[in-house]
Amino acid sequence: MPEESALEQLLKSGEFLHHLDIDRKTADLVFDRRTIRALYEFMKHVSIDYIDFPISAGKESVVFKAIRERKPVVIKIYKLSTLRFSSIWKYIEGDYRFSRERIDRSNIVYIWAKKEFTNLGELRRHGILCPKPMDFHKNLLMMSYIGTSASPAPRLKDADFDAQAVYEEIRSAMLRMYRDARLVHADLSEYNILYHRRKPYILDVGQSVSREHPAADYFLDRDIRNIVAFFAKRGISTDFESLSRFVRQVSSTG
């Protein structure tokens, strides 16, 4: 029997959703037929044993812990139903790295997954702490798992930490991201940073743009304001001007 027929039987029976052991509300938002089909293909391709549980859910994606060869990994699923062309086009248009991609309403979410995979790779290449990108397929991205056997690492907003030490780590990461990786996060805040083993890990970089993007300065200013506001509330002496000068220092060869 052709493989597609077997898949169609799973789709019609609902058994695939039952196997994932997630609630119906989440399934309705995330697991449309195209995503189930893509996930079926991806799990076979990268040898995922099973999907364990959802780590986080947002308006545009849901992140699951999965098991691959008895080790935890992360599967990020970008929602085809809510990730709108109009909201993400501005982060792709003007990015020279994707200028040769055919981008339209039917495939822009797939480009988004590829973009986050690419951006994570650039951060890792320049020594910036973030999840390790492992593979992607259509609207799915597999990354390394950050956390312990008991639980995923908390987001910075929910963590207990030495504010001064973490601020120094984050400002250094912002500098290296801008100067060395030549990227601007474009949505950096306490919601998009994990805290693990006393270190901050940058995540959610799908919208990150090259330093040459026409709106890069605007996005960087927004990132800086978010970080300043968060740490100022925790007693750190910082301000927009000083952090902006620090992050924007670029070598003569940059």
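FYI, it's all coordinate maths here, none of it is from the lab. Here the structure is a predicted model, which is why all the values come from computation and not from measurement. We place every Cβ from the backbone using ideal geometry, glycine too, and count neighbours over all the protein chains shown.
Quick one: what are the phi-derived ³J(HN,Hα) couplings along segment 139-155, Karplus 6.51/-1.76/1.60 with θ = phi - 60°, whole Hz, x for glycine and proline?
Values per residue, Gly and Pro as x: 9, 10, 9, 9, 9, 5, 8, 10, x, 10, 5, 7, 6, x, 5, x, 6 Hz.
Using the structure shown, select from Lys79/Lys115; Lys44/Lys138; Lys76/Lys132; Lys115/Lys157; Lys44/Lys76 the pairs with a Cα to Cα distance greater than 18 angstrom.
Checking Cα-Cα distances, Lys115/Lys157 exceed 18 Å.
Using the Kirkwood formula on the Cα atoms of segment 156-247, what hydrodynamic radius do you get, in angstrom to one decimal?
13.2 Å
In what sequence do Ile236, Ile108 fall when counting other Cβ within 10 Å, fewest first?
Sorted ascending by nearby Cβ count, the order is Ile236, Ile108.
Full-extension gain between Ser144 and Ala229, please, as 0.36 nm times their residue separation minus the C-alpha to C-alpha distance.
Going from the current span to full extension adds 27.6 nm.
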